[in-house]
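Reviewing the structure listed below.
The values are calculated or read from the model by the stated rules, or taken from the named source; none is laboratory data. What you see is a predicted model, and the numbers here were worked out from it, not measured in a lab. Here Cβ is always computed from backbone atoms with ideal geometry, including for glycine, and neighbour counts include all displayed protein chains.
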Amino acid sequence: MTAPTRVTSLKTNIHHWQERVDLAAAFRWTERLNLHEAVANHFSLAVNEDGTQFLMNPNQVHFSRVKASDLLFLDANDPDTLSGPDAPDPTAWGLHGSIHRHCPRARCAMHVHSIHATVLASLADSNLPPIDQNTATFFNRYVIDENFGGLAFEEEGERCAQLLGDPKKKTMIMGNHGVMVVGDSVAETFNRLYYFERAAETYIRALQTGQPLRVLSDEIAEKTARELEEYPEQDERHLSELKAILDEEDSNYAT
């Protein structure tokens with residue numbers, strides 16, 4: 001039995017407790033893997049049917065300190081959100097609010113400026129060729145934003161949200177910016193974020209050798225991507241193991 005179940009009885013007055021615990025664990029592991037950037041990145045998770053109400057990290061709190069009970073509960077259709085006493089970061093609101101307002105299929109959204117994803121996003125050609133199993137995971141499953149317009153305040157956030165229209169493409173390589181990953185759950189989205197950074201690192205390191213790349217055929221790349229999409233429970237087991245490690249360390253993420 002994991003810690004989220006153990007502490008649930010202590011937090012029965014807080015709605016969406018299990019979702020909060022999962023999201024808090026994702027923050028802690030993102031920081032541990034050094035995929036975050038100071039206090040500038042954000043994760044969100046929709047908690048109602050149409051996806052417009054969502055949880056998100058509080059303004060400028062370090063990922064290593066985020067707890068389940070800290071998470072903000074926001075409504076993408078509330079025009080007064082930024083004037084409230086616990087207002088979110090305005091760029092987080094611009095980007096994540098727009099996604100949850102316009103992309104109901106994007107239940108969870110994770111945006112980081114992780115090193116290798118950002119290097120990829122900084123290249124004139126930000127495509128990720130399928131040169132191994134991890135890079136093949138994303139074959140024909142990402143979109144590249146070629147029109148960075150500055151900080152993701154509301155207008156920029158609205159523009160970015162429009163790029164997530166294809167349900168097959170759950171990763172947005174944000175040119176000159178970083179990466180946005182969306183999914184159906186915290187486990188799925190964090191798993192995708194983790195593997196995208198690993199895939200980007202493999203590609204960048206391969207480029208650094210100066211040697212020709214061994215690129216998979218489209219047929220094998222697509223077959224590999226499909227097989228990984230259908231691999232049973234890998235994302236759920238990944239997050240479950242991370243929470244188990246945090247529990248063994250007596251982390252306060254689930255409080």
Within the stretch 175-207, track down each residue that is within 21 Å of A40 (Cβ to Cβ) and not in a helix (DSSP H, G or I).
-> G175, N176, H177, G178, V179, M180, V181, V182
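Restricting attention to the stretch 161-183, report how many residues are touching a Ser or Thr at 6+ places or on another chain (Cβ under 7 Å) and within 17 Å of I99 (Cβ to Cβ).
Number satisfying all stated conditions: 7.
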The residue from A187, A254, A199 that alone is in contact with an Asp or Glu (Cβ under 7 Å, 6 or more places away or on another chain), within 21 Å of T30 (Cβ to Cβ) and among the small types (G, A, S) is A187
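Mind counting the residues in the stretch 71-101 that are surrounded by fewer than 18 Cβ atoms within 10 Å (Cβ to Cβ) and not aromatic (F, W, Y)?
Going through the stretch 71-101, the residues surrounded by fewer than 18 Cβ atoms within 10 Å (Cβ to Cβ) turn out to be 73, 75, 77-87, 90.
From the residues that got through so far, the ones that are not aromatic (F, W, Y) too are 75, 77-87, 90.
Counting residues in the stretch 71-101 that are surrounded by fewer than 18 Cβ atoms within 10 Å (Cβ to Cβ) and not aromatic (F, W, Y) gives 13.
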Long-range neighbours under 8 Å by Cβ, at least six apart or interchain, first residue surrounded by 15 or more Cβ atoms within 10 Å (Cβ to Cβ) within the stretch 54-65, second of a type in the set (G, A, S) and in a loop (DSSP other than H, G, I, E, B) = F54/A76; N59/A87
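How many residues are out of contact with any helix residue (DSSP H, G or I) (no Cβ under 6 Å at 6 or more places or on another chain) and either modelled with pLDDT of 95 or more or surrounded by 11 or more Cβ atoms within 10 Å (Cβ to Cβ) (or both) if we restrict to the stretch 230-245? Before the answer, list the steps.
Start the filter on the stretch 230-245 by keeping residues that are out of contact with any helix residue (DSSP H, G or I) (no Cβ under 6 Å at 6 or more places or on another chain), which leaves 230-234, 237, 240-241, 244-245.
Next, only the ones that are either modelled with pLDDT of 95 or more or surrounded by 11 or more Cβ atoms within 10 Å (Cβ to Cβ) (or both) stay: 234, 237, 240-241, 244-245.
Summing the residues that are out of contact with any helix residue (DSSP H, G or I) (no Cβ under 6 Å at 6 or more places or on another chain) and either modelled with pLDDT of 95 or more or surrounded by 11 or more Cβ atoms within 10 Å (Cβ to Cβ) (or both) in the stretch 230-245 gives 6.
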Selected residue (criterion: farthest from the chain's Cα centre (by Cα)) from residues of the stretch 25-57 that are hydrophobic (A, V, I, L, M, F, W, C) and within 16 Å of R107 (Cα to Cα) | V47
When you go through (1) surrounded by 15 or more Cβ atoms within 10 Å (Cβ to Cβ); (2) farther than 23 Å from C103 by Cα; (3) of a type in the set (A, V, I, L, M) one by one for I220, which number turns out not to apply?
-> (1)
